[in-house]
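Before any comments, here is the structure.
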Amino acid sequence: MIPSSPGEGGLRSLAAGLLLSLVGLGGCAAQGSAAPWGPRWPSPGELGDAALATARSPTTWAPLAAAAVLSVGDLDQDLSSWAADHQPLFGSGAESRSDDLRTAATAAWLITALVAPSDTVGGKLGGLAVGAGALGVENAVTDGIKRAAGRERPDGSDDRSFSSGHAGASSAAATLARRNLDYLNLPGWMDTSLRLGLYGIAAGTGWARVEAEKHYVTDVLVGHAVGHFVAGFLHQAFMVPAAPAMALTYRAVPGGGALTLTLGIGARR
């Protein structure tokens, strides 16, 4: 029996709670949604705009910047060795937990895709195809990077360390799930909690791979960036954009009051 660490139980509870919350959306989120969820065919200009916007996202460039910093000297190897030796979050079950969290991220994408409101069955199937295609493209891109880099894993098992496939797949699925939340009218606290939970699952997947001595920290950082970029780009390019959310607020002014209608573009996080 694999011993559990306190951190492991916490993240497993986080993943379970997130999935249960997403399942609960099925009965209430489909009504009054911001926009129908489904595929579209982008113009060449829209493809370029989607690629540029996703590249500018902090979830793409921040992990790459962190990986560049860690590449200086022995920082990457030292931090990775410390994590594998101490296993502070997942303990001896780190490798299994990375599989569990990757599965949770994929389940989160599928659940949010199923509850997102679509006008037609064709729209629902097309949107699912876009998401599945994004996950497949991410896997192919990561496999190509692994073959080109040929970096040996920390445990010496093979030369497919860079970049992390687990981190890339979990990041891609979490990105798709967050984008799907843009189409749902959720209370602010619930939307924020779900998004934070998805970030946590993606980050936990990568860190578990480091503790399991399957990857260096830079491997999972680059994998996270690749997963976010591929999924974010394809979703923005090939899915109908979420309609602007509307908010009506009242403000008292001398002699009466003022109503303000605010239109906020759907989040691209």
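Assess whether ALA68 counts as being assigned to a helix (DSSP H, G or I) and surrounded by 14 or more Cβ atoms within 10 Å (Cβ to Cβ).
Taking the combined requirement at face value, the residue does not satisfy it.
Tally the residues that are part of a helix (DSSP H, G or I) and either at pLDDT below 95 or within 23 Å of VAL226 (Cα to Cα) (or both), restricting the search to segment 71-88.
Number satisfying all stated conditions: 6.
Suppose we filter segment 213-240 for residues that are of a type in the set (Asp, Glu), open to solvent by 10 Å² or more (accessible area, probe 1.4 Å) and assigned to a helix (DSSP H, G or I); how many remain?
The qualifying residues number 0.
Given (1) farther than 30 Å from PHE90 by Cβ; (2) modelled with pLDDT under 85; (3) of a type outside the set (Phe, Trp, Tyr); (4) part of a loop (DSSP other than H, G, I, E, B), identify the lone condition not met by LEU263.
(4)
For segment 156-176, enumerate the residues that are open to solvent by 10 Å² or more (accessible area, probe 1.4 Å) and more than 16 Å from SER98 (Cα to Cα).
Listed by number, the residues that qualify are GLY156, SER157, ASP158, ASP159, ARG160, PHE162.
So which pairs qualify, if the first residue must be in segment 67-87 and of a type outside the set (Phe, Trp, Tyr), the second must be part of a loop (DSSP other than H, G, I, E, B), the Cβ gap must be under 7 Å, and the two must be at least 6 apart or on different chains?
Hits for this filter: ASP76/TYR216; GLN77/TYR216; SER80/PRO154; SER80/TYR216; ALA84/PRO154; ALA84/GLU213.
Go through VAL130, VAL230 for me and flag whichever is within 22 Å of LEU52 (Cα to Cα) and within 14 Å of the chain's Cα centre (by Cα).
Within the list VAL130, VAL230, the selection yields VAL230.
Give the residues of segment 59-102 that are over 22 Å from GLY156 (Cβ atoms) and of a type in the set (S, T, N, Q), sorted by residue number.
THR59, THR60
I want to confirm something. Restricting to segment 114-150 and keeping residues that are open to solvent by 60 Å² or more (accessible area, probe 1.4 Å) and of a type in the set (D, E, K, R), which single residue is farthest from PRO241 (Cα to Cα)?
It comes out as ARG147.
How many residues are more than 30 Å from PRO39 (Cα to Cα) and either hydroxyl-bearing (Ser, Thr, Tyr) or in contact with a Cys (Cβ under 9 Å, 6 or more places away or on another chain) (or both) if we restrict to segment 183-223?
Going through segment 183-223 one residue at a time, the tally reaches 2.
State which residue is surrounded by the most Cβ atoms within 10 Å (Cβ to Cβ) when the search covers only segment 178-212 and only residues that are of a type in the set (S, T, N, Q) and either in contact (Cβ under 8 Å) with a residue 40 or more places away in the chain or under 22 Å from GLU95 (Cβ atoms) (or both).
For segment 178-212, the residue satisfying everything is THR205.
The values are calculated or read from the model by the stated rules, or taken from the named source; none is laboratory data. Keep in mind the model is a prediction, meaning the values are calculated, not measured. Because the Cβ atoms are built from the backbone with ideal geometry, glycine has one as well, and the counts that use them run over all protein chains shown. Just the protein is used for accessible areas: all its heavy atoms, side chains included, with ligands, DNA and RNA removed. Shrake-Rupley method; radii C 1.70, N 1.55, O 1.52, S 1.80 Å.
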